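Just so you know, all these numbers are worked out from the coordinates, no wet-lab data involved. This one's a predicted model, so the numbers in the text were calculated from it and none came from an experiment. Positions of Cβ are backbone-derived with ideal geometry, glycine not excepted, and every protein chain shown enters the neighbour counts.
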Amino acid sequence: MARSTLQLIISKTRQDLMKGQQNLLITATILLFCFLSIGVGFIKYNDTSAQIGKYRKEVREQWEHRPAKHPHRMAHYGYLVFRLGHPLSIFDNGLDDYLGNVIFLEAHKQNSANLSEAGSSGTLVRFGTFSSAFILQCLVPLIILFLGFGLVAKEREDATLKILSTQGASGREIIWGKVLGLWQFSLLFLVPVLPVVFFVAVVSEAVVWTDVVFRLLTILPAYMVYYFFISSLTIFISANSRTASSALVGLIGFWLVLVIFLPKGIQFAAQNLYPIPSRIAFETVLEKDILKAGDSHNPDDPHFKNIKDSLLARYKVGSTNELPFNYSGFVMKEGERISSQIYISHQKELEKTYRDQQRFSDISAFVDPMVAIRNFSMIAAGTDYYSYTQFQKQAEDYRYKMAQKLNDLQIEKISNIKPEKGGPPAIIEGDNWKKFPDFEYRFTSFSKSIQQQWMPAAALIFWLTICVLMIEISGRNLKLI
Amino acid sequence: MKNYLYKQFYRNKAYTIALLFLFLAGMMAIYTGKKFLDKNQEIISKTEQYQKESIDKNVKYHKDDLGLILYYIKFNLINETPKLAALNIGMRDIKPSIQGVTIRNLEEQRYNADFYNPANAAVGNFDFSFVLVFLFPLIIVAFCYNLISEEEESGRWKLLSVQSSHLGKLVDAKLLIRFLAVSTIYLVLIAIAIVWISIPLNLPLIVFILSGWLYILFWFVLCRWIISFRRSSAQNALILLIVWVGMNFIIPMGSNILIQKYYPVQESLKAVMQQREGYHNKWDEEKLPTMEKFYTAYPQFKGFKVEENDEFTWTWYYAMQHMGDLEASSSSKQYTEKMQKRNKTAEILGYFLPNVHTQLTEAQLAETGINNQLEYGRALQKFHEEKRLSFYPLIFSGQNADAVNWNLQTTKSFTNHLSIDFLKIFLPYLILIISLTILSQFKFRKLC
C-alpha cells in the first residue's frame, strides 16, 4: 500500500513535469545545445588530432633524415612531442584549453609545455568553454530548481497538500515522491547525451571503445547522484519555504553560491594557501643547485675534476685524450644525470604545490557538490591535471633516455682527439637516429587516475547520504498548511 | 512619497542583505587584485636581482669569451602593469608580466609562459570586473523583477491606479531608489579600491568607472523594459535569468568555441617547428649560404667574414641562431594576425553584449587584454633585436667581458601607449540604453 502511494506521487510528479510544453521545450533546447557542443567539439578534436598527427610525422621524418652528425648536436636538435586530448574532451573539456600541448625536448634542458589554447585566446576564453559538461553541471541544476521550486510550496499555497495528506499519503511519501519524480524528469537532460558522446568518441578512434564505455559508465551514475542532490535540495527548500516565490529566491541563492561563488572562492583560497613560485625564481634556484652539484661546463668544477682524476688513475693515462672512450661524452652523461635528478626533485616540489592545491579543491567537494561533480567529471573524461602530469612525466622520461642514448653514442663512437682543421669531422652515421624509437603518448588509465583522486567520488557518495537526510527531515516535519 | 518608498526599500531586510553581499564580494575581489599586484611586483623586483646575479656569475666564469657569456644571460623586459590591473586581471595571470630572453633565437623563447595551475586559470579570477559583470546584474534583477508584478499579485495595483494617474512615475521612483543604492555600492567599492591600491586618478580610471556604471544602468533599463510587459513575478524572474545565463555563459562560450574553430592557431606550432629547422639544420649545411642570408638581413656586419673551412665561430653561431627566427617569421606573423582576428571577433560580439563589451573595455583600460599582449610581444621582439645588434659587433670582433658596461644591463620596461576611443567604448552602451528606455517608455505610458 505504502509503496504504491509513493509510486503514484512519483509518476504524477514526473508526468506533470512532462506535460508542460514549456518544460519539454526547455529539455529539447538543452539537449540541442549539448549535441551542438558535442558536434563542434568533435570537429575541433578531429582538426587538432589531424594537425598533431601531421606535425608528429613531420618531426619523426626530420629526425630520421638527419645526416651524419655529432651525437651532441643531435641532442640539441632535439625532439618535439605532442599531446592529444582524450576523445572524451568533446564531452568535458576540463582543463584542456589551459594545458600546453607541445614540448621541445633537448639535452640538459627541461622545457615545459607551452602553446595552450587559452594563451592564444582573448578574454572570451575566460567566460568558460561551452561543453556538455558545463551545461549538465551548471545550467541543468538551474532548470531543475526552476521546475521544482513550487512542487511543495505551491501545493501548500493551493491547499492541495492537505488534500493529499487526508487521502493517506504521509509526509515522507510526499517528499520522497516529489524528489524522485523531479529527479526522474531531470534524467531526461542527461541520458540522451551519453550515447551520443559514446558514439562520437568511438568514431574518433583515438582510444579503444571499452575505455570510453568504462569511463561513461562512471560518468552516468555520478551525474545521477548530482541531480539527485539538486532535486532533493529543491524539494527541501520548497518544503521549508512559506511561499513558492521565497523558495525560488532561496534556491537561486543556493545555485549562485554552489555554482558560481564557491568554486571560485575555493580556487582562490587554494592559490593563496599554496602559492606557486614564479618561473624565473624556479629556474634561478634550479640553476644554483645544479652548479652546486657539479657544472659540466665549468673546467674547474670540483665534482668533474674528481671524476677526471680517478679516470686517469684507473686507466693509467696522463691525459683524457688517451682514454679509450670519448671523455667529453662521459662528462656530458654525468652532467645530464645530475641535472635531471635535481630538476626532477625541484619539479616534484612544484608538483607538490599543485597537488596541495588540487587536494584542497578535492576536499572542498565535501562542501560544494558542484566541485565534486566537476572534478569527478574531468577525471573520468581524462582532462584533469593529473592526466596531464602523466604526459609531462612521459615526455621527461623520453627526453632523458634520448639524451643519454646520444651521450652513449658519443662515448662509444666519437674519437677522443679533436679533429684537426680541415680533417674529417667527428660525426657518426645517420642510421643511428632511426634506431631511436618515436615518442608514443599513452593516455593515463582511468583506474590509475581514480586511485590517485578518489576524493571527488567519495564526496558524491557523501552527498547522497546528505540527500537522504534532507528528504527524511523535511518529510517528517512537513507542514501541510 | 519618495521618502516613503525610500524607507520601504531599506526596511526590507533581504535588500540590505543583498547589498551587503555585493559589497563583500566586491571587497573580496579588490583583495584578489591587491594580492595579484603584490605578487607581480615581487616577481619583478626579484627578477632584477636574478639578472644581476646571473650577469656577475657568467662574467666571472667566462671572462674571455663574450659570445659564451651572452649565450647564457637572460635580459628581462617588464610589461608594465598599471594599478588598474588589480580590478581587471584579464589574461595577466597566465601571461607573464615579465619575460627574459637571451640573444639566441627568439621564437624558441617567446612562448614560455609563467607557471600557473590550469585548474585555477580555468575557474578564472575573482576580480572586480567579474563581480561587476556577473554578480551586479543578479542583484539588480532580484531588486527589480517584481516591481510591478508584486503589486498586481498582492492586489495593490488596482488601488494604486485609482489613487494615482502616474503609475509609471511611481515605478520609476522605485527603480531610481534601487539604482542609487546599487550605484552607491559600486562607487564606494571603487573608492575603497582607489585608496587601498592607490590607483592613480587618470583618464583610464575614469573611463573604467564610467563603463562599469553604464553597464549597471543598462541592466536597470533592461529590467524596466522586461517588467513593463506585466507578466507574473516568476515569469519575469525566469526571463531575466535566462537573459543573464545566455549573455554571460551561452553566447560568449558558444562564440569562443566557434572562434577557436574558425581561427585555429596552429601557426604557433608551425613556428616552433620552423625555427628548430631553421637553426639546427645550419650545423650540417655549408656555412656561406647562412652567412649570405645573415649579411642580407644585417649588411652592417658584412665586415665580419666567415670562411667555409673555419672552425666554430660565434659570428657563424649567432647567424645560425638568427636563421631560426627568419624562417619562422611568416608563421609567427600569421599567428599574431590570427590572435588579432580572434580579438576583433570578440570585440564585435561586445557591441551587442554589454557584458562582453565591459570585460573587453576594462581589460583594455587595465592593459590586461590581448591587445596589450600583442603590443608587448612586438616590444619584446624589438628589445631582443636591439640587444642582439648592440652585442653582435663586440662578440664578432672577439672582445672580452670588459667591452660591455654590465651596470647598464638592467631590466627594462615596456609601457603600452593606451589609445582610448570614446566612441567605440561608450556608443554600444548608449545605443542599448537609449533604445531600451524608449521601448519601455511606450509600455510605461499605458501603465494605468
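Between B:Asp310 and A:Ala68, how high is the FRET efficiency from 1/(1 + (r/R0)^6) when r is the Cβ-Cβ distance and R₀ = 22 Å? Nearest 0.05.
It comes to 0.65.
Rounded to the nearest 0.05, what FRET efficiency is calculated for A:Arg337 and B:Tyr4 with R0 set to 51 Å and r the Cβ-Cβ distance?
Between A:Arg337 and B:Tyr4 the formula returns 0.05.
How are the Cα pair distances of the range B:229-301 distributed, in percent, across 5 Å bins from 0?
3, 11, 10, 10, 9, 7, 6, 7, 6, 6, 5, 5, 4, 4, 4, 3, 0
A 31 angstrom limit on the alpha carbon distance is what I want to check against. Which of A:Lys57/B:Lys338; A:Lys44/A:Lys401; A:Lys405/B:Lys63 exceed it?
Table pairs above 31 Å Cα-Cα are A:Lys44/A:Lys401; A:Lys405/B:Lys63.
Simple spin-label model, 7 Å along Cα-to-Cβ: B:Arg156 to B:Lys13 in nm?
1.9 nm
Give me the distance between the Cα centres of the range A:184-221 and the range A:21-63, rounded to whole Å.
15 Å
Evaluate the Kirkwood expression for the hydrodynamic radius of the protein assembly as shown, namely the inverse of the mean inverse distance over all pairs of different C-alpha atoms, and round to one decimal in Å.
With all distinct Cα pairs of the protein assembly as shown included, I get 31.1 Å.
For the range B:57-188, what is the charge dipole size about the Cα centre, in debye to the nearest 20, if Lys and Arg each add +1 at the Cβ and Asp and Glu each add -1 at the Cβ?
Dipole about the Cα centre, nearest 20: 360 debye.
If amide hydrogens are placed 1.01 Å from N in the peptide plane, which non-local residues have theirs closer than 5 Å to the one on B:Ile98?
B:Asn79
What is the count of Lys pairs in the range A:299-379 whose alpha carbons sit under 20 Å apart, if the two are 8 or more places apart or on different chains?
Pairs that pass both the separation and distance tests number 4.
Can you tell me the dipole magnitude for the protein assembly as shown around its Cα centre, using point charges on the Cβ only (Lys, Arg +1; Asp, Glu -1), in Debye to the nearest 20? List each step's numbers first, then the result.
Working: 98 positive and 81 negative charges, 679 e Å.
It works out to roughly 3260 debye.
Projecting each Cα onto the charge dipole of the range B:54-207 (Lys/Arg +1, Asp/Glu -1 at the beta carbon, about the Cα centre), which of B:Leu147, B:Val171, B:Leu106 comes out farthest on the positive side?
Result: B:Leu106.
Aspartates and glutamates within cross-link reach of B:Lys287: Cα-Cα under 20 Å, excluding same-chain residues under 8 positions apart?
A:Glu420, B:Glu277, B:Glu307, B:Glu308, B:Asp310, B:Glu311, B:Asp325, B:Glu327
Starting from the 7 Å offset along Cα-to-Cβ, what nm value, one decimal, do you get for the label separation of A:Phe214 and A:Leu256?
Roughly 4.4 nm, to one decimal.
Can you give me the Cα centroid spacing of the range A:374-406 and the range B:44-72 in angstrom?
33 Å
Kindly flag which residue pairs out of B:Lys35/B:Lys174; A:Lys288/B:Lys39; A:Lys434/B:Lys95 have an alpha-carbon separation exceeding 29 Å in this structure.
Cα-Cα > 29 Å for B:Lys35/B:Lys174; A:Lys434/B:Lys95; rest within.
Under a plain spin-label model, where a point goes 7 Å from the Cα along Cα-to-Cβ, how far apart in nm are A:Leu469 and A:Lys348?
Spacing of the two 7 Å Cα→Cβ label points: 3.9 nm.
Tell me which of A:His86, A:Ala118, A:Pro71 sits at the most positive position along the dipole axis of the range A:61-126, charges placed on C-beta atoms (Lys, Arg +1; Asp, Glu -1).
Toward the positive end, the furthest listed residue is A:Pro71.
Going Cα to Cα from B:Lys83, which aspartates and glutamates come in below 18 Å? Please leave out same-chain ones fewer than 8 positions away.
Counting by Cα, and skipping residues close in sequence, B:Lys83 has these aspartates and glutamates nearby: B:Asp38, B:Glu42, B:Asp93, B:Asp127, B:Glu362, B:Glu367.
Using the crude model of +1 on Lys and Arg Cβ and -1 on Asp and Glu Cβ, and no other charge, please compute the dipole size for chain B relative to its Cα centre, in debye to 20.
With Lys and Arg at +1 and Asp and Glu at -1, about 2640 debye.
Expressed as cubic angstrom per residue, what is the convex hull volume of the alpha carbon set of chain B?
Measuring per residue, one finds 156 Å³ for the Cα hull of chain B.
For n ≥ 4 DSSP H runs only, could you compute -39500 (n - 2.57) per run for chain B, divide by its residues and tell me the 222 nm figure to the nearest 500?
Working: 18 runs with 307 residues, N = 448.
For chain B, the value works out to -23000 deg cm²/dmol.
Picking from A:Phe439, A:Val371, A:Thr465, whose Cα lies most toward the positive end of the charge dipole for the range A:358-471 (charges on Cβ: Lys, Arg +1; Asp, Glu -1)?
So the residue we want is A:Phe439.
What are the principal axis extents of the Cα atoms in the range A:221-308, in Å, biggest first?
85, 27, 14
Could you give the length gained on full extension between A:Val191 and A:Lys19, defined as 0.36 nm per residue of separation minus the Cα-Cα distance, in nm?
Result: 60.0 nm gained on full extension.
Given only helices, namely DSSP H runs of n ≥ 4 each adding -39500 (n - 2.57), what is the per-residue ellipticity at 222 nm of chain A, to the nearest 500 deg cm²/dmol?
Computed mean residue ellipticity for chain A: -22000 deg cm²/dmol.
Please list, or write none, the lysines whose alpha carbon is within less than 22 Å of the alpha carbon of A:Lys12, excluding same-chain residues fewer than 8 places away.
A:Lys12 reaches A:Lys154, A:Lys162, A:Lys178, A:Lys479.
Report Rg(Cα)/(2.2 N^0.38 Å) for the range A:309-423, keeping two decimals.
Normalised by 2.2 N^0.38 Å, the Cα Rg of the range A:309-423 equals 1.76.
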